[in-house]
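I have placed the structure first, in the form of structure tokens, so that the comments after it can refer back to it.
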Amino acid sequence: MEITPIDRRIVTLGSASYQANPPYNTASYFTTSGDYRMTAKFNTESSFSLRLYASLPIIYDEWRAEPASIGVSLEQGNLRVNLWDGSGSEPVDSLQLTPDVPVVQQFSIDHIDNRFILYINNEEPIMLDDRGILREGKLWLGLDANQSWTLADISITSLNGSDVVLHEVDLTDTTLTAGLMTGARKQVGAAVALEPLLMDKGYRSALYSNFSLLVPENAMKPQFLQPRHGVFVFDDADQLVKVAVSQGMAVHGHTLVFSEANPQWMTESTTTERQTIMVDHIAQVMGHYKGKVASWDVVNEPLADEGGLRQNIWLEAMGQDYIAVALRAARAADPDAKIFINEYGLEADGERWQTFLGLIDKLRAAGVPLDGVGFQSHIYETADEVDGSVLVNHMQQLAERGLAARISELDVHGEDVDQQASQYETVAGACLKSSSCQSITTWGITDKYGSTTESQAYPLSLGDDLLWDETLKPKPAYRRLEVLLKS
Ligand code: XIL
């Protein structure tokens, strides 16, 4: 297996800092109940980077929490070992040493009692206290690279006679029930992430049983799809699309042109090359998913909070024309895909809605292609709460302009579960009442992995906005939607 570097990073909102994306890409794990040995073999390598995780890192809000793991890498003759115990971003133990021979043929990690013992070639073993991690259960294998290397073989054996088994994730392992989508009059969607899908059968069951539309929560953002200029990495997003196809779900793509979640090279590109970069990104991504992704958020969040258009790298390079250029490129890339502008804060009357309508009318007057508008419907505080009749009216105003609508990212603050249920019902109800509204998508499934988890906080401080709580128990809002969608 060849491991090549792709430089994927999670962009931290509002800052120029970047956090490494999880190197979990093998989707393999092993189960153990006692002492074990993991051995990796190489055809003489000068570099490798390997990680054992207690669980896969989930991307929360522009951030991923660091799960318990041990990471070992060899680079430029230096062997580095890091240990994270799940209590923070920084390793709780780390060491660096220079092996006598700067190339590796074989590397093993033993876990015995409360220690890790590391062997590289025939060097003296390195001992580390295990800090209580990776003793038993499911352990996930992660591979990473700063320069290419090849893994010739990997094996897991028990050191105390208990069972140690290497597994591939079976994404079809679920328990199905008749859920939200059964008999629903509109498509019911969820924003989905690959890591919980790989790790959590309850998450898979909730997804497959309840939803007829899948929206990749982060996997189709530019930072992940084009981490290096001209290098497209579709693997994770492809896996999500494959799952959708196998479960008979439609896919909505999110998102092509955005002010956030752009890889560093894109953010730092010159303004003269930026239009080409944008158009090329749209063409490559939509071309790859032609026939598989039915609709796209082409432009995401074009409005500024303080009025007018949001400042971003696209506006900086092309002025307000960037929106028209993007939409035209999208139509050309896949004429069969439905193309959307997606925005928050459009549910209420006021200046923001007027600005948005102004933008839409300008695009229409210029003959720019556009099929519809996504109402994100993030309801995070009392001031965000939606008046259903206003939302119906906004959908009607768009319908008069020939545009479809979708509820694209619904989630509702949940200190009061009855109030939460009634807001879910109001927004979904507005869609049901509007013939131009096509689908209702919630921005995630369970609070366990939700985007309103507090950033940078250990231990994790989960949000409360989604339909299932962190134990995957459906909330009153779920029950309310169930009744409404079938009525
Ligand atoms: C959020 C994701 O849910 C988080 O996991 C990620 O860390 C940051 O982005 N509006 C959008 C979405 O259009 O892309 C955002 O998704 C939520 C707000």
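The values are calculated or read from the model by the stated rules, or taken from the named source; none is laboratory data. Not measured: the values here are computed from a predicted model. So basically every Cβ, Gly included, is an ideal-geometry build from the backbone, and we count neighbours across all protein chains shown. We work out accessible area using only protein heavy atoms, side chains counted, and drop any ligands, DNA or RNA first. Shrake-Rupley method; radii C 1.70, N 1.55, O 1.52, S 1.80 Å.
Here are some notes:
- Centroid-to-centroid separation of region 53-117 and region 132-149 [C-alpha atoms, Å]: 8
- Cut-off under 5 Å, modelled amide H: who pairs with residue 187 long-range: 440
- Between the beta carbons of residue 44 and residue 396, assuming R0 = 56 Å, the FRET efficiency works out to 0.25 to the nearest 0.05.
- On Cα atoms only, tilt of 476-486 relative to the major axis of the chain in degrees: 50
- Label separation (residue 232 vs residue 271): 2.9 nm, computed from points 7 Å beyond Cα along the C-beta direction.
- A simple count of charges around residue 39, restricted to other residues whose Cβ falls under 15 Å of its Cβ and scoring Lys, Arg +1 and Asp, Glu -1, yields -3.
- What separates the Cα centres of region 318-390 and region 392-443 is a distance of 15 Å.
- Whole-number percent relative contact order across region 296-359, with pairs defined as alpha carbons under 8 Å at least 6 apart: 45
- Normalised per residue, the accessible area of region 1-60 is 37 Å², obtained with a 1.4 Å probe and no contribution from ligands, DNA or RNA.
- Cα centre as origin, Lys/Arg/Asp/Glu Cβ charges: region 422-487 dipole, Debye: 340
- Global geometry of region 132-241, whether rounded, prolate or oblate, following the gyration tensor of its Cα atoms and the 1.5 cut on a/c: oblate
- Within a straight-line Cα-Cα reach of under 26 Å, residue 433 can be paired with the following lysines, leaving aside sequence neighbours fewer than 8 residues apart in one chain: 186, 338, 475, 486.
- Centre-to-centre, using Cα atoms only, region 197-239 and region 457-487 are separated by 21 Å.
- Stretch gain in nm, segment residue 486-residue 416, where the contour uses 0.36 nm per residue and the Cα spacing is subtracted: 22.7 nm
- Förster radius 45 Å - calculated FRET efficiency between residue 122 and residue 380, Cβ distance, rounded to 0.05: 0.20
- Derived scalar couplings between HN and Hα for region 42-54 equal 10, 8, 6, 10, 9, 8, 7, 8, 9, 9, 10, 10, 6 Hz in order, rounded to whole Hz, by the Karplus curve 6.51 cos²θ - 1.76 cosθ + 1.60 (θ = phi - 60°), x for Gly and Pro.
- Solvent-accessible surface of region 197-343, taken per residue with a 1.4 Å probe and all protein chains present: 34 Å².
- Relative contact order of region 329-405, defined on C-alpha pairs under 8 angstrom at six or more residues apart (%): 36
- Simple point charges give the picture: +1 on the Cβ of Lys and Arg, -1 on the Cβ of Asp and Glu, and for region 329-487 a dipole about the Cα centre of about 760 debye.
- Candidates per chymotrypsin sites (Phe, Trp or Tyr not before Pro) in region 189-263, loop by DSSP, up to 11 other Cβ within 10 Å: none
- Length released on extending from residue 389 to residue 336, taking residue separation times 0.36 nm less the Cα-Cα span: 15.9 nm
- In this Cβ point-charge picture (+1 for Lys and Arg, -1 for Asp and Glu), the chain has a dipole of about 1660 debye about its Cα centre.
- In the full protein context, region 388-487 carries 38 Å² of accessible surface per residue, based on a 1.4 Å probe and ignoring ligands, DNA and RNA.
- Net +/- balance of residues flanking residue 431 in space, Cβ distance below 10 Å, scoring K and R +1, D and E -1: +4
- Sum of side-chain charges, residue 473 neighbourhood, beta-carbon under 12 Å (Lys, Arg +1; Asp, Glu -1): 0
- Global geometry of region 60-139, whether rounded, prolate or oblate, following the gyration tensor of its Cα atoms and the 1.5 cut on a/c: oblate
- Within a straight-line Cα-Cα reach of under 17 Å, residue 473 can be paired with the following aspartates and glutamates, leaving aside sequence neighbours fewer than 8 residues apart in one chain: 200, 411, 415, 416, 418, 447, 464, 465, 482.
- The chain: angle of helix 321-333 to the longest principal axis, Cα-based, in degrees nearest 10: 70
- At R0 = 45 Å, FRET efficiency that the Cβ-Cβ distance of residue 362 and residue 101 yields, to 0.05: 0.10
- Calculated mean residue ellipticity at 222 nm for the chain: -8000 deg cm²/dmol, from DSSP H runs with n ≥ 4 weighted as -39500 (n - 2.57), summed, divided by the residue count and rounded to 500.
- Taking only protein heavy atoms and a 1.4 Å probe, the accessible area of the chain is 46% carbon and sulfur.
- Percent antiparallel among DSSP beta bridges (both partners in the chain, rounded to 5): 65
- Taking amide hydrogens as placed 1.01 Å from N in the peptide plane, the amide H of residue 152 sits under 5 Å from those of 41, 42, 43, each at least 5 positions away in sequence or on another chain.
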